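Values in this text are rule-based calculations from the coordinates and carry no lab data. Note that the coordinates shown come from a computational prediction; the quantities given were computed from them, not determined experimentally. Backbone-built Cβ (ideal geometry, glycine too); neighbour counts: all protein chains shown.
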């Protein structure tokens, strides 16, 4: 059984929820339709003619890309222009394109965590907060005999976290009353007769990011035909998610040696460096893509160096004046997402019993070459 496109995207959005994206980012389905079975999926950094041809040869019906195929507004769709020809090729081959961009950058276990892990950064934090998970309080009434089953379902779906403590709940015993009416199929009692049941009120904390999954898991585990539960927002602040990461190297090393680490870890042909080659680097900020505007964030975070792409001349001067070293591996360093997303998505599809195959693109979309 193959997964439909809607299912593939739902799983992808477990890794990179759409609400994690920065405002006005070009994410989601951009070309084609998801309303069909997907036998093969190709994960790519960019979508260009070579990647589309690769998807066609592979027999992929869906490309999951990091960079938007439609980034700038299109005034027309003329097939004798590069953008028009690319769109026409995708439509002719019936290949859909779904984009996960800053939502993948922001996600925990996403782009910036992968880059930080590759650099071996420890004790990581967020460079700039983008989203704070709203917290909800869930209270559900369960027969005493099934309280552990329902609690386990709640915790397994992601409820019950308070800071570094998991499986947190408060439980109060009491008596529940109800009368099954005509047409009901009660788990306990008989139609037309009021029942009194020993029940437990289970209260726990639910982050908004997993709210739907938690409620679904609770309803599935609960024995009652009609489940009585309350769900209401809390003023307490949940976990923060954001762009970039800040962490520590295992030990300080000179900027030149650190630059070699970046080049090797991110598998790029060259890096550009700003700063004294002998400067000791220990605390590092990293941000995939274009990160010149985060120089002040990195400096404020106490970083010795910022690893990011697309640094312009004047931003490099600003960093140099501020005493912040820069290592620019280029925008294409984000290609680290291709095998990571493919592996993650393939595992989720296998867990669900789908035969859909996911592949990482082998096309090098780096536009720059050194001579």
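Nearest 10 degrees is fine. How inclined is helix 49-58 to the longest principal axis of the chain, computing both from alpha carbons?
Helix 49-58 sits at roughly 50 degrees to that axis.
Report the residue, chosen from 342, 252, 333, that carries the largest GNM mean-square fluctuation when the chain is represented by alpha-carbon nodes joined by springs under 10 Å.
Among 342, 252, 333, the largest mean-square fluctuation in the Gaussian network model of the chain belongs to 252.
Using the count of nearby Cβ atoms within 10 Å as a rough guide to exposure, how do 337, 248, 12 rank from fewest to most?
Fewest-to-most Cβ neighbours within 10 Å comes out as 248, 12, 337.
Run through the DSSP bridge list for the chain and note the antiparallel percent, rounded to the nearest 5.
Percent antiparallel among DSSP bridges in the chain is about 70.
If each residue's Cβ is checked for other Cβ atoms within 10 Å, how do 77, 119 rank with the fewest at the top?
77, 119
Relative to the longest principal axis of the C-alpha atoms of the chain, give the angle of the C-alpha long axis of helix 313-322, reported between 0 and 90° and rounded to the nearest 10°.
Once rounded, the angle reads 80 degrees.
Please compute the contact order of the chain in relative form: average sequence separation of alpha-carbon pairs under 8 Å and at least six residues apart, divided by the residue count, as a percent.
Answer for the chain is 20 percent.
Per DSSP H run of n ≥ 4, the term is -39500 (n - 2.57); total these for the chain, divide by its residue number, and report the mean residue ellipticity at 222 nm rounded to 500 deg cm²/dmol.
Here the helix-only value at 222 nm equals -8500 deg cm²/dmol.
When the chain is modelled as a GNM with alpha-carbon springs shorter than 10 Å, which of 20, 141, 359 fluctuates the most?
Among 20, 141, 359, the largest mean-square fluctuation in the Gaussian network model of the chain belongs to 141.
Helix 337-351 versus the longest principal axis of the chain: what angle, 0 to 90°, nearest 10, using Cα atoms?
So the inclination is approximately 20 degrees.
Determine, for 11, 154, the number of other Cβ atoms within 10 Å of each Cβ, and report the residues in order from fewest to most.
Going from least to most buried by this count: 11, 154.
What does the convex hull of the Cα atoms of segment 131-240 come to per residue, in Å³, rounded to a whole number?
Convex hull volume per residue, Cα atoms: 98 Å³.
For the chain, set up a Gaussian network in which alpha carbons nearer than 10 Å are linked by springs, and say which option among 35, 179, 211 fluctuates the most.
Sorting by GNM fluctuation, first place goes to 179.
For segment 269-341, what class follows from the C-alpha gyration tensor (a ≥ b ≥ c being the square roots of its eigenvalues): rounded when a/c is under 1.5, otherwise prolate if a/b is larger than b/c, else oblate?
Judged from the Cα gyration tensor, segment 269-341 comes out prolate (a/c at least 1.5, a/b above b/c).
By its C-alpha gyration tensor, with a ≥ b ≥ c as the square roots of the eigenvalues, how is the chain shaped: rounded for a/c under 1.5, else prolate for a/b larger than b/c, else oblate?
oblate
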